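**Student:** Before I ask anything, let me first share the structure, which is written out below as structure tokens.
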Amino acid sequence: MSSALYLILLFSALWTLSFCGTRQFHVVNENKNWTDAQKYCREKYTDLVTIKSQEEMNVLIAFLNGTADLSWIGLRQNIQQNTTSWIWSDGSNSTYTYWKTGEPDNPVGDNCVTLWRSPEYTWNDAGCKWSNPFICYKAHGLPLILIKEEKTWWEALRYCRENHVDLVSVHTEKIQHWVETEIDYGSTANVWMGLRHTCAQKFWFWVSGSTICYQNWAPGNGTGVEDCSGGERSGAVQSGSKKWVSLPENQRLNFICTTSEEL
């Protein structure tokens with residue numbers, strides 16, 4: 001067996017084992033500070049890359065195959081109550097680490113983490129203000145994208161239509177499952193969908209024009225008379241229960257856009 005074919009098969013096996021074929025890495029060869037890199041990844045993909053096990057680290061190293069020398073990943077120093085820890089861009093705590101010997105070695109402060117090849121890939125802390133290429137990931141390869149910005153329902157609708165296709169319409173159980181997968185990476189307790197209520201006509205509808213046949217309401221939501229005293233209501237999905245809830249349109253939440261019209 002040729003070495004090239006062996007590497008392809010090895011990478012495919014690692015990829016399937018770790019992610020069941022559901023995560024895509026993207027190396028962005030633009031120099032940005034960590035915060036701007038995070039913003040870019042959240043707008044274009046899912047987030048800066050998160051690495052939570054040796055298995056995931058192995059997959060990333062195999063994917064890079066020596067093509068990147070120094071890149072931001074999604075890990076940042078978290079300083080609270082005079083103790084220092086590390087937290088991932090998605091808000092989860094860091095338990096797995098892959099530091100280069102002697103790292104981290106910067107004074108406590110505004111520090112973020114690069115994946116550094118010298119000569120093997122390891123982690124190194126650096127000031128978040130420095131500009132480097134970076135690695136994003138897109139979760140699940142679905143025709144949806146979670147936007148980790150906090151916007152009102154109208155702002156979310158405008159963002160999706162200007163940058164993608166639309167706010168997601170969940171008119172089948174299959175799409176509901178896709179949404180449930182995406183919101184695991186959210187940073188707000190609820191996430192906007194393209195579900196809208198009209199107080200004048202007293203019914204719910206999808207902004208894409210789809211009728212509401214499939215439903216997944218949380219108890220006490222969506223099936224009774226809505227309180228319109230504070231304005232129109234819009235629909236969101238709960239990060240915990242994955243059920244739909246009715247919320248005031250001016251709440252600021254993450255949201256899910258569709259990236260394909262074939263939904």
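Computed from the coordinates by the stated procedures, all read-outs in this text should not be read as laboratory data. On a predicted model such as this, the values are computed, not experimentally measured, just so you know. Cβ: placed from backbone, ideal geometry, glycine included. Neighbour counts: every protein chain shown.
**Student:** Under a 10 Å cutoff between Cα atoms, tell me which one of Ile135, Ile51, Ile212 has the largest fluctuation in the Gaussian network model of the chain.
**Tutor:** For the chain, modelled as a Gaussian network with Cα springs under 10 Å, the answer is Ile212.
**Student:** Right, next: Give me a comma-separated list of calculated 3J(HN,Hα) values for the stretch 117-134, in order, Karplus coefficients 6.51, -1.76, 1.60 applied at θ = phi - 60°, integers in Hz, x for any Gly or Pro.
**Tutor:** The phi angles translate into 9, 7, x, 8, 6, 8, 9, 9, 7, 8, x, 4, 6, 6, 9, 9, x, 7 Hz.
**Student:** If you don't mind, another one. Taking θ = phi - 60°, what integer Hz values does the Karplus form 6.51 cos²θ - 1.76 cosθ + 1.60 yield along the stretch 42-48, in sequence order, with x for Gly and Pro?
**Tutor:** 5, 7, 9, 10, 10, 5, 4
**Student:** Would you mind checking the tilt of helix 153-163 against the longest principal axis of the Cα atoms of the chain, expressed as 0 to 90 degrees and rounded to 10?
**Tutor:** The answer is roughly 60 degrees.
**Student:** Okay, next question. Grab the chain and count how many Lys pairs have their alpha-carbon atoms under 12 Å apart, sequence gap of 8 or more, or different chains.
**Tutor:** On the way: Lys32/Lys129; Lys39/Lys148; Lys44/Lys138; Lys44/Lys148.
Final tally of qualifying lysine pairs is 4.
**Student:** In addition: Test of understanding: what is the full-extension gain from Ser229 to Ser260, defined as 0.36 nm times their sequence separation minus their Cα-Cα distance?
**Tutor:** Numbers: separation 31, 0.36 × 31 = 11.16 nm, distance 3.57 nm.
This chain segment gains 7.6 nm when fully extended.
**Student:** Compute the length gained on full extension between Asn78 and Trp130: take 0.36 nm times their separation in residues and subtract their Cα-Cα distance, giving the result in nm to one decimal. Provide the component values of the computation, followed by the final result.
**Tutor:** Numbers: separation 52, 0.36 × 52 = 18.72 nm, distance 1.77 nm.
Length gained, Asn78 through Trp130: 16.9 nm.
**Student:** Running a GNM on the chain with Cα contacts under 10 Å, which residue among Thr95, Thr46, Thr188 ends up with the highest mean-square fluctuation?
**Tutor:** Thr95
**Student:** In the neighborhood of Val237, defined by Cβ-to-Cβ distances under 10 Å, what is the net charge if each Lys or Arg adds +1 and each Asp or Glu adds -1? Let's see the in-between values first.
**Tutor:** On the way: positive: Lys242, Lys243; negative: Glu180, Glu182.
Surrounding charge for Val237 is 0.
**Student:** Run the simple label-point estimate for Cys213 and Glu150 please: 7 Å along Cα→C-beta, distance reported in nm.
**Tutor:** So the two model labels end up 3.8 nm from each other.
**Student:** Quickly work out the Ser53-to-Lys39 label distance, labels modelled 7 Å from Cα along the C-beta direction, and quote it in nm with one decimal.
**Tutor:** Modelled inter-label distance: 3.5 nm.
**Student:** Let me ask something else about it. Expressed as an acute angle from 0 to 90° and rounded to the nearest 10, what is the orientation of the C-alpha long axis of helix 3-19 relative to the principal long axis of the chain?
**Tutor:** 40 degrees
**Student:** Nearest 10 degrees, 0 to 90: what angle lies between the long axis of helix 54-64 and the longest principal axis of the chain (Cα atoms)?
**Tutor:** 80 degrees
**Student:** Two decimals is fine: what's Rg over Rh for the chain, C-alpha atoms, Kirkwood radius as Rh?
**Tutor:** On the way: Rg = 20.8 Å, Rh = 20.1 Å.
Using Cα coordinates only, the ratio equals 1.03.
**Student:** Under the rule of -39500 (n - 2.57) per DSSP H run of 4 or more residues, summed and divided by the residues of the chain, what mean residue ellipticity at 222 nm is obtained, to the nearest 500 deg cm²/dmol? Please list the in-between numbers first.
**Tutor:** On the way: 5 runs with 61 residues, N = 263.
Computed ellipticity for the chain at 222 nm equals -7000 deg cm²/dmol.
**Student:** Taking R0 as 41 Å, what FRET efficiency do you get between Ala62 and Glu162 from their Cβ-Cβ distance, rounded to the nearest 0.05? Walk me through the intermediate numbers first.
**Tutor:** Values: r = 36 Å, r/R0 = 0.89.
For R0 = 41 Å, the calculated efficiency reads 0.65.
**Student:** Moving on to the next point. Residue by residue through the stretch 98-111, what is 3J(HN,Hα) from phi via Karplus (6.51 cos²θ - 1.76 cosθ + 1.60, θ = phi - 60°)? Round to whole Hz and write x for glycine and proline.
**Tutor:** Going residue by residue, I get 9, 5, 5, 3, x, 9, x, 10, 7, x, 4, x, 8, 10 Hz, with x marking Gly and Pro.
**Student:** Please compute the contact order of the chain in relative form: average sequence separation of alpha-carbon pairs under 8 Å and at least six residues apart, divided by the residue count, as a percent.
**Tutor:** Values: 503 pairs, mean separation 53.0, N = 263.
20 percent.
**Student:** Shifting gears a bit: Per residue, how big is the convex hull of the stretch 31-114 when only Cα atoms are used? Give it in Å³.
**Tutor:** For the stretch 31-114, the hull spanned by Cα atoms encloses 119 Å³ per residue.
**Student:** Compute the distance in nm between two label points, each set 7 Å from the Cα along the Cα-to-Cβ direction, one at Ser85 and one at Asp69.
**Tutor:** Going by the 7 Å Cα→Cβ label model, 3.6 nm.
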